[in-house]
Amino acid sequence: MPQYFLTVPHDTADEPTMESMQEMDPAELEAVMAAVEGFNTALGESGAFVSAGGLQPPSTAVTVDATGEETTRTAGPFVEATQYLGGFWIIDVADEDAAVGWAERASAALRSRIEVRGLQ
C-alpha cells in the first residue's frame with residue numbers, strides 16, 4: 001500500500017511550543033489532547049500507522065551544508081517562510097482517498113489544517 005505524509009502546518013508568527021500550549025484554556029487543551037489520542041488510537045488499530053511526531057519550532061533548527069570544501073552550520077531553518085511544519089504522521093493506506101479521510105479526522109482532532117502528500 002502507498003504511504004502518505006500528513007503534516008500539521010503552523011504560522012511562523014505563532015511558533016507554538018509546549019510552553020505556549022500551557023497558555024491555552026486547560027479544558028480546551030485537554031479536549032484537543034484527548035481527541036488527538038483518540039485519533040492516534042484509531043490510526044493504530046486500523047493498521048495504517050507508520051510513524052508520527054511533533055517538531056520543535058524553526059527557531060531551534062540548525063542547517064548543515066557539507067556540499068562544499070568546508071562544512072557550514074547555520075542556526076535556523078534553511079528557508080524563510082510564513083508557515084512551517086509543526087508535526088506529522090506517516091500512514092500506510094490503500095489510496096489517496098483513504099489518506100484524505102484520515103487527514104479530515106486529524107484536522108478535526110487538532111483543530112488545525114492538515115496537508116496530505118504521497119511518499120515517493
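Every read-out reported here was derived from the displayed coordinates using simple, explicitly stated rules and does not represent laboratory data. Predicted model, so just to flag it, every value in this text is computed and none were measured. Here Cβ is always computed from backbone atoms with ideal geometry, including for glycine, and neighbour counts include all displayed protein chains.
Along the axis of the charge dipole computed for the chain (Cβ charges of +1 for Lys and Arg, -1 for Asp and Glu, origin at the Cα centre), the listed residues VAL116, GLN56, ALA99 are led at the positive end by ALA99. One decimal place: the segment ALA35-LEU85 gains 16.0 nm when fully extended, by the rule 0.36 nm per residue minus the C-alpha distance. With Cβ to Cβ distances under 15 Å as the rule, what net charge do the other residues near ASP95 carry (K, R +1; D, E -1)? Around ASP95, the charge tally is -3. Taking one quarter of the surface of the convex hull spanned by the alpha-carbon atoms of segment 48-97 gives a direction-averaged projected area of 5.6 nm².
Extending 7 Å from Cα along the Cβ direction at THR60 and again at ARG73 yields two label points whose distance is 1.7 nm. Principal-axis analysis of the Cα atoms of the chain puts helix 26-46 at an angle of about 80° to the longest axis.
Distance between the pseudo-spin-label points of GLU28 and MET1 (7 Å out from Cα toward the beta carbon): 3.5 nm.
Counted by Cβ distance under 9 Å from PRO2, the other residues give a net charge of -3, where Lys and Arg count +1 and Asp and Glu count -1.
Do the sum for the chain: with -39,500 (n - 2.57) for every DSSP H run of n ≥ 4, divided by all residues, what is the mean residue ellipticity at 222 nm, to the nearest 500 deg cm²/dmol?
Computed mean residue ellipticity for the chain: -10500 deg cm²/dmol.
Among the listed values (1) 12, 37, 31, 16, 4, 0; (2) 12, 41, 34, 10, 2, 0; (3) 12, 46, 32, 8, 2, the one matching P(r) over Cα pairs in 10 Å bins from 0, in percent as calculated from this structure is (1).
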